[in-house]
1. Condition first: over 20 Å from LEU169 (Cβ atoms) and either basic (Lys, Arg) or open to solvent by less than 50 Å² (accessible area, probe 1.4 Å) (or both). Now tell me which residues in the stretch 267-286 satisfy that.
2. Name the single residue that is farthest from the chain's Cα centre (by Cα) among those in the stretch 206-219 being of a type in the set (D, E, K, R) and surrounded by 13 or more Cβ atoms within 10 Å (Cβ to Cβ).
3. In the stretch 234-266, what count of residues is obtained for those that are in contact with a helix residue (DSSP H, G or I) (Cβ under 7 Å, 6 or more places away or on another chain) and either without any contact (Cβ under 8 Å) to a residue 12 or more places away in the chain or open to solvent by 10 Å² or more (accessible area, probe 1.4 Å) (or both)?
4. So is THR220 assigned to a strand (DSSP E or B), modelled with pLDDT of 95 or more and either closer than 21 Å to ASP180 by Cα or not aromatic (Phe, Trp, Tyr) (or both) or not?
5. Can you name the condition, by its number, that ASP156 falls short on among (1) outside any helix (DSSP H, G or I); (2) open to solvent by 30 Å² or more (accessible area, probe 1.4 Å); (3) farther than 16 Å from ARG95 by Cα?
6. Against the conditions (1) under 16 Å from the mean Cα position of the chain (by Cα); (2) in a loop (DSSP other than H, G, I, E, B); (3) buried (at least 18 other Cβ atoms within 10 Å of the Cβ), where does ILE77 fall short? Just the number, please.
7. Going by the conditions given, is PHE173 closer than 17 Å to ALA273 by Cα, under 19 Å from the mean Cα position of the chain (by Cα) and surrounded by fewer than 17 Cβ atoms within 10 Å (Cβ to Cβ)?
8. Only one residue in PRO183, PRO226 is assigned to a loop (DSSP other than H, G, I, E, B), closer than 24 Å to LEU164 by Cβ and either within 27 Å of the chain's Cα centre (by Cα) or modelled with pLDDT of 95 or more (or both). Which one?
Amino acid sequence: MYQGWKAKLDKLPDTDAISVAMSELATYSCYYARIINPNLEESANVSVRLRRLNRWGGTTIYPFLLNLYRDVDNGRIDSAGLAEILSMIESYLVRRLFANVPTNALNRIFIRLYRQLPEAASMVDATREALSAPGLRWPADDEFKTNMLTYPLFLDSRPEQRKLILERLEEDFDDKERVDFAPLEIEHIMPQTLTPEWRELLDGSEEKHRRLMHTLGNLTLTGHNPELSNFPFRRKQELYEKSRIAMNKEVAETSSWGEAEILARGQTLAQRAVRLWPGPTRDGGT
């Protein structure tokens, strides 16, 4: 980076041109500071979305965001539009995760994205149109919902990614009592190690256990993960019923916990996910 900037400045004709270039660098450094430290943001809607993207590990989107911040300063987009685009990018990343799309292309995608924005009535519309291009692999609703039933979320995602997904789904239950997610951990409802009681619920099938254990339908949040351990489902129900987590109360109302129940819960959560993370403008995104 240093060598690149030195080469750029060495080509400038005079000190005035250098001064302009350094001023531009200082401006972008302020944008960057707001991206990596969302507390500097005046807009609460922008700040909360930046926090989620930073937890996700979205450094590849920074080049695109730097251009957006310049457009905010130039009046081309307001904070509400910026917040909407940040939500759109989150949806793009979440849907690709469940579709198991490799992440190695994201750096190239977001470096080029700003220059590829089409002429549109707004930056929000232009960004959605650009990300919906067939080659950029933004999975449509059907693919997204189907993959949520089978994708081994607990194994094939980063800890913060899977926790963020469960937090967002829990928030969608619209419980008026605010939950502190910080101390919560991810819990496997059907445990990773089968006891005789759990094996019976799966008809003794090791294949079902391997296939369903780490999927979204079998995961929840709890502050009692070590205590729950391999408890029989009846005992877990008692603890879930007392939980402040709405997802757990819903599980507590289920009479049993085998393949059918895990898949049914996965489908229910997938319906919520489709609303939380909307897809591309057309099926061509897949």
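1. PRO280, ARG282, GLY284, GLY285
2. Once the filter is applied, the top-ranked residue is LYS208.
3. Number of matching residues: 12.
4. Criteria met by THR220.
5. Here ASP156 meets the rest and fails (3).
6. Condition (1) is where ILE77 drops out.
7. yes
8. PRO183
The values are calculated or read from the model by the stated rules, or taken from the named source; none is laboratory data. On a predicted model such as this, the values are computed, not experimentally measured, just so you know. Glycine gets a Cβ as well: all are built from the backbone with ideal geometry, and neighbour counts include every protein chain shown. Quick note on the areas: whole protein, heavy atoms, side chains included, nothing else; ligands and nucleic acids left out. Shrake-Rupley method; radii C 1.70, N 1.55, O 1.52, S 1.80 Å.
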